[in-house]
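Here, each number is a calculation from the coordinates, and none is a lab measurement. Just so we're clear, the structure is a prediction, and the values are computed from it rather than from any experiment. Neighbour counts run over all protein chains shown; Cβ positions are idealised from the backbone, glycine included.
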Amino acid sequence: FAHLLEFGDNDIRQEGELLRLREDVVRSIRANRQLEADLDLMDLKIGLLVRNRVTLQVSKASTGSTALCLSALSDHPSVCLSKLTKKNKEQLSDMMALDKHKGLKALSKEKREKLEAYQHLFYLLQTQPLYLAQLIFLMPQNKSTRFMETVIFTLFNYGSDCREAFLLLQLFTAALRHEI
């Protein structure tokens, strides 16, 4: 067995390749986490823009193109932004200039509490499959299929990672047990 413990050139190359691949995976994970953080920040900014759209409408009313801007925003944001005056561009950029370190703290206390309540609700629905399993069988058959597609698969992110796939399988198991 002693010959198996010796490292040859091929073993050293494979070990180096393995270390390089691990480093690549770690870099990719860090990049993904940063992208997720950026996405969360953008989501928060969009939420703040929606909340403050009255302010945007008031500022756009002075130029007379509020309706055009709001309808164009969904299709062509560049058209909307090109019609903004310099003052309105500054107001819009001020609304979007949210400090990255504030995150959820930028929300009002009431909104933050509501967000936390929804987080707890979704966590409970994911980890306690009995509630959704019973709900599936209380609904008519034609509505339960659509409910599965729109609500349940979305709630479990279509089982895209191991945790959510496991929890989705737990839900299906609970639903089958409830049916039997």
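Residues checked against (1) in contact with a Leu (Cβ under 9 Å, 6 or more places away or on another chain); (2) at negative phi; (3) without any contact (Cβ under 8 Å) to a residue 12 or more places away in the chain; (4) surrounded by 14 or more Cβ atoms within 10 Å (Cβ to Cβ):
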{"position": "K109", "(1), (2), (3), (4)": "no, yes, yes, no"}
{"position": "F122", "(1), (2), (3), (4)": "yes, yes, no, no"}
{"position": "A133", "(1), (2), (3), (4)": "yes, yes, no, yes"}
{"position": "L138", "(1), (2), (3), (4)": "no, yes, yes, no"}
{"position": "Q141", "(1), (2), (3), (4)": "no, yes, yes, no"}
{"position": "T145", "(1), (2), (3), (4)": "no, yes, yes, no"}
Starting from the stretch 5-17, take each residue that is without any contact (Cβ under 8 Å) to a residue 12 or more places away in the chain and list its partners that are assigned to a loop (DSSP other than H, G, I, E, B), counting only C-beta distances under 8 angstrom and pairs at least six apart or across chains. E15/F7
